[in-house]
1. Based on the Cβ-Cβ distance of residue 232 and residue 358, what FRET efficiency does E = 1/(1 + (r/R0)^6) give at R0 = 30 Å, to the nearest 0.05?
2. Any chance you could check the Cα centroid distance between the stretch 310-335 and the stretch 68-106 for me, in angstrom?
3. Work out the FRET efficiency for residue 129 and residue 289 from their Cβ-Cβ distance, taking R0 = 56 Å, and round it to the nearest 0.05.
4. For the stretch 97-114, take each phi angle, set θ = phi - 60°, evaluate the Karplus expression 6.51 cos²θ - 1.76 cosθ + 1.60, and give the result in whole Hz per residue in order, putting x for glycine and proline.
5. What spacing in nm lies between the two simple spin-label points modelled at residue 114 and residue 84, each 7 Å away from Cα in the Cβ direction?
6. On full extension of the chain, what length is gained from residue 296 through residue 256, given 0.36 nm per residue of separation minus the C-alpha to C-alpha distance?
7. With each label point set 7 Å from Cα along the Cα-Cβ vector, what nm distance links residue 55 and residue 376?
8. With r as the distance between the Cβ atoms of residue 263 and residue 329 and R0 = 22 Å, compute the FRET efficiency 1/(1 + (r/R0)^6) and round to 0.05.
Amino acid sequence: MKKTAVVIIPTYNERENIGVTVERLLQVFETISTWKMEILVVDDTSPDKTYELVREMQKKSPELHLLLNKKKSGLGGAYLVGMAHAFGELKSDLVFEFDADLSHDPKKIPDFLEKIDAESDMVLGSRYIPGGGIPKDWGMHRKFLSIFGNLIIMTVLTRFSIRDWTTGFRAITKKVYEAVHPNLSSERFSGYTFQIGFLYTAVKMGFKVTEVPFVFADRTHGHSKLGPEYLKNTLLFIFKVRLQEIFASRIFKFAVVGATGAVIQLTSLTLYRLLVPEFSYYFLTSFFVATFASIETAIIANFFLSNKWTFADRQLEKGRKLIKFIQFNLTSAGSLLIQLLIAVLGETLIGLRPLFTIPFVGFVVESGLIFAVTGILVGMVWNFFAYTTFIWKKKK
Ligand SMILES: Nc1nc2c(ncn2[C@@H]2O[C@H](COP(=O)(O)OP(=O)(O)OP(=O)(O)O)[C@@H](O)[C@H]2O)c(=O)[nH]1
Ligand SMILES: [Mg+2]
């Protein structure tokens with residue numbers, strides 16, 4: 001049996017465009033034999049009664065469906081109900097996102113299908129790969145916004161394999177929809193951010209996303225619904241997502257636990273030394289004991305926090321905790337040794353002396369400070385390496 005693909009067209013006041021758009025799509029459908037093709041218009045009860053025109057066309061075209069939203073739900077809202085309907089009632093295997101204003105070239109649809117047949121999970125119509133393009137007559141500022149907007153998104157999200165993040169011409173398989181849509185909270189994805197949010201989630205989940213070039217055509221009728229809040233919402237969204245990614249990353253948690261350990265060591269040292277008065281006969285030995293005890297306190301805290309938080313996904317089994325704790329102590333000793341070695345090497349090879357003064361602040365940077373900082377950094381690299389490869393090994 002042939003698989004079904006539904007082209008979803010969200011509309012809001014597209015009376016002048018919807019007729020030609022549907023007609024052109026139906027023409028292209030005639031050339032497609034391997035897929036059963038249908039159209040679903042999702043109209044938000046447009047004041048210009050776009051839906052009435054669609055109902056009229058439905059009389060001649062049984063492959064044309066209409067969903068009517070009572071309220072204006074934004075692009076994301078319209079797509080979400082459209083997809084639920086297409087993959088549900090219409091038993092679709094694939095949906096297309098398609099604009100009503102003829103900006104997207106329907107003749108490109110077979111290229112999308114070819115990619116889907118070749119195992120892509122999602123296909124994007126891309127303006128920024130060879131063969132694609134934006135209208136030549138766009139003003140400087142619109143070209144700039146579109147091109148740099150995409151560059152900014154790629155950079156902030158650090159995902160450079162996809163060139164057109166904001167395109168509204170897409171093919172989405174059921175597999176991707178089912179995995180992605182439960183993660184889309186309505187408040188975050190109601191408007192145009194839906195597009196970036198959906199794509200980002202799909203990419204993050206590891207789906208195979210490919211691109212097909214197309215040249216974007218300017219709308220000739222009706223009005224753009226793209227408002228100035230789009231830019232603000234997009235920027236807010238990508239920075240929020242990036243921050244969330246950073247906070248969730250192992251390196252970040254490792255650094256936080258490390259810093260916490262340093263604070264714990266210093267406070268516990270102060271505490272332990274209070275226990276032994278300085279005039280005590282045992283001062284020298286107690287100083288060493290206090291120092292040692294504070295280091296061990298920090299190590300225990302660090303071990304506990306790493307196991308519960310940084311490596312929560314690789315938590316140690318009960319019976320292995322003791323041996324791992326001993327290994328953890330050895331690792332920490334290794335880190336201290338590295339710091340000591342760098343300090344001694346620096347002192348003998350370069351010597352202790354002022355290196356330079358920070359302008360305006362007047363702070364003199366001594367070589368000793370550089371040795372200490374280098375030692376701590378190299379020690380951290382060692383620790384992270386040891387934690388990930390020996391102590392909290394990746395589970396198989
Ligand atoms: N149902 C529904 N459709 C919408 C809504 N907002 C936009 N659309 C439709 O989404 C598609 C894209 O909107 P456009 O205004 O063309 O946005 P754009 O293509 O990014 O901007 P232009 O290049 O200026 O046309 C069109 O088919 C719109 O009618 C909405 O709130 N509800
Ligand atoms: Mg448009």
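Every number in this text was worked out from the coordinates using simple rules, so none of it is lab data. Everything quoted here is computed from the prediction, not taken from an experiment. Every residue, glycine among them, receives a Cβ derived from its backbone with ideal geometry; neighbour counts consider all protein chains shown.
1. Details: r = 37 Å, r/R0 = 1.25.
Given R0 = 30 Å and the Cβ-Cβ separation, E is 0.20.
2. Their Cα centres are 51 Å away from one another.
3. Working: r = 66 Å, r/R0 = 1.19.
For residue 129 and residue 289, the calculated efficiency is 0.25.
4. Karplus values, whole Hz, x for Gly and Pro: 9, 8, 7, 7, 9, 6, 6, 9, 7, x, 5, 7, 4, x, 5, 4, 4, 4.
5. Result for the modelled spin labels: 3.7 nm.
6. On the way: separation 40, 0.36 × 40 = 14.40 nm, distance 1.81 nm.
Stretched fully, the residue 296-residue 256 segment lengthens by 12.6 nm.
7. Here the modelled spin labels are 7.2 nm apart.
8. Working: r = 20 Å, r/R0 = 0.90.
Using R0 = 22 Å, I get an efficiency of 0.65.
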